[in-house]
Every structure is written in structure tokens, then in C-alpha cells.
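Colleague: Starting off with a structure, shown below.
The values are calculated or read from the model by the stated rules, or taken from the named source; none is laboratory data. Source: prediction; values computed, not measured. As a convention, Cβ positions derive from the backbone with ideal geometry for all residues, glycine included, and neighbour counts pool all protein chains shown. Accessible surface areas use protein heavy atoms only, side chains included; no ligands, DNA or RNA. Shrake-Rupley method; radii C 1.70, N 1.55, O 1.52, S 1.80 Å.
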Amino acid sequence: DAGITQSPRHKVTETGTPVTLRCHQTENHRYMYWYRQDPGHGLRLIHYSYGVKDTDKGEVSDGYSVSRSKTEDFLLTLESATSSQTSVYFCAISGSGGPGDTQYFGPGTRLTVL
Amino acid sequence: QKEVEQDPGPLSVPEGAIVSLNCTYSNSAFQYFMWYRQYSRKGPELLMYTYSSGNKEDGRFTAQVDKSSKYISLFIRDSQPSDSATYLCAMTSSRFYAGGTSYGKLTFGQGTILTVHP
């Protein structure tokens, strides 16, 4: 999985609690992304980062925040988890962010919000 | 209407069959087209990448892009049980947006679940 780890791999939480997911890479890639995958929707971009402390919103960013204080770590926080945020979350990385640049995906985190 | 439409299947074929997977899209700015393969409980991995229109072949896999019809296809020849996976099309444009780049913003199809049975 191209030197990408995600933690935790599985989490069950309750509505209203904050949740933080971590993505860690050992490839020294500049770009990092958070996606969610849901049946019928494919993969949708939540937030992405184009450098340390540089982040931007994707298409489904409401209810999520991110932080990147180091090149290797990209954190996704659900400020107050809701049942609609039950999903599988994938982190991805790429070197240049260019349109032809390959994105490498992590193994995913399966989150259930009760 | 979604920017990228992909028949979710599921698609079940016998070993050795030719498989055709397809996506249609509405955004004429898309120029880069990819196919990702995702095994159960794993992250997607890039399978094929094509720029603009035309064909690209890699072993048993052929990717086709028809920009005039806004239609892309992935063909798998001599399909194997190990090809059983979800296949996702993805595409992006080269348009740049201030404050960051839009380059990495892939738009994915919903994915097609393929099963190749022995």
C-alpha cells in the first residue's frame, strides 16, 4: 500500500462524539487526500492538502476538518459525528498533484456512528 | 445528475470471458482518465491511465476513451477469478484554481462489482 497507514482501521462511536482519523505516509509525498466511500456514490473527496499547513475543501467537507502539521501526517476530524458519516474513509497521497499523477490509497478506516 | 455515471452491476462472468466496463461523463473539461481496481476490504489501486482520446493496452487490459461521446471503457480479455473486484473509473481536468490546485481532484464513478467464476 505504497507506505500509507491509516489508524484506526475500524471504529464504532456514538452520535455527537468527536472522532479523529489518522493517515501516515512514509513516501514524503506533498499531496494528501481524504475520501469517503459509500454505496452508490463511489469515492468522494472530503479535504486535501498540498503542503504542511496548506489544506483545501473537497466536495463533501461539511462536518469535517483536517490538519497537517507534518509532511507525513494528515488528520481528519469529525467534530460531532452523525450517523450520515458512517462510511469507509480512505487516505491517498500523490507526489506532484498534477492531473496525470497517480494517487496511492491507504487500506481504509471503517467508521460506524451509532 | 452526477458528473460521472458508472453501472454498478454487479457483473458476473465465467472465466475466460471478455469483460466490458463503461463510464459516461458530462464535464467536457475532463482530459485524464483512470481505472482503479479495488479488492474487497482494500484501498483502490491504479490499473490504467489514459490522457485524452484513444486506446491504451496493458496485457489483458485495454482502456478506451471517446471524448466526442464522453464515454470511456475498460476491456478485460481472458478474465480470471483473480480479476474479481470493484472497478472504479476516475477522471480529472488540468484546470488550475487559485489557492491550491484542482489537479488532484479526481471525480470517481460509483464502481462496478465484477465476479469472475471458475
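Colleague: So which of A:T86, A:T77 is surrounded by fewer than 21 Cβ atoms within 10 Å (Cβ to Cβ), under 25 Å from B:G111 (Cα atoms) and more than 10 Å from every other protein chain (Cβ to nearest Cβ)?
Modeller: Selected residue: A:T86, the only one of A:T86, A:T77 that is surrounded by fewer than 21 Cβ atoms within 10 Å (Cβ to Cβ), under 25 Å from B:G111 (Cα atoms) and more than 10 Å from every other protein chain (Cβ to nearest Cβ).
Colleague: Given the structure, is A:Y64 away from chain B (no Cβ under 12 Å) and modelled with pLDDT of 95 or more?
Modeller: Here the answer is yes, as A:Y64 does meet what is asked.
Here is a yes/no grid of residues against (1) more than 8 Å from every other protein chain (Cβ to nearest Cβ); (2) not charged (D, E, K, R):
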{"position": "A:E27", "(1), (2)": "yes, no"}
{"position": "A:R30", "(1), (2)": "yes, no"}
{"position": "A:G40", "(1), (2)": "no, yes"}
{"position": "A:T71", "(1), (2)": "yes, yes"}
{"position": "A:Q103", "(1), (2)": "no, yes"}
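Colleague: Something else now. What pairs come out if I take residues in segment B:24-41 that are within 11 Å of another protein chain (Cβ to nearest Cβ) and modelled with pLDDT under 95 and pair them with residues that are buried (at least 18 other Cβ atoms within 10 Å of the Cβ) and not in a loop (DSSP other than H, G, I, E, B) whose C-beta lies under 6 Å away, six or more apart or interchain?
Modeller: Sorted first by the residue in segment B:24-41, then by its partner, the pairs are B:F30/B:M91; B:Y32/B:T92; B:F33/B:T50; B:F33/B:V65; B:F33/B:I72; B:F33/B:M91; B:M34/B:A90.
Colleague: Taking the stated definitions as given, is A:E59 more than 25 Å from A:G16 (Cβ to Cβ), open to solvent by 50 Å² or more (accessible area, probe 1.4 Å) and not hydrophobic (A, V, I, L, M, F, W, C)?
Modeller: When the stated conditions are applied, A:E59 does not pass them.
Colleague: Hey, any hits in segment B:94-113 for a residue that's closer than 30 Å to A:T55 by Cβ, open to solvent by 50 Å² or more (accessible area, probe 1.4 Å) and part of a strand (DSSP E or B)?
Modeller: No; the residues of segment B:94-113 include none that is closer than 30 Å to A:T55 by Cβ, open to solvent by 50 Å² or more (accessible area, probe 1.4 Å) and part of a strand (DSSP E or B).
Colleague: Is it fair to say B:S79 is farther than 20 Å from A:D101 by Cα, without any contact (Cβ under 8 Å) to a residue 60 or more places away in the chain and part of a loop (DSSP other than H, G, I, E, B)?
Modeller: No; evaluated as a whole, the condition is false for this residue.
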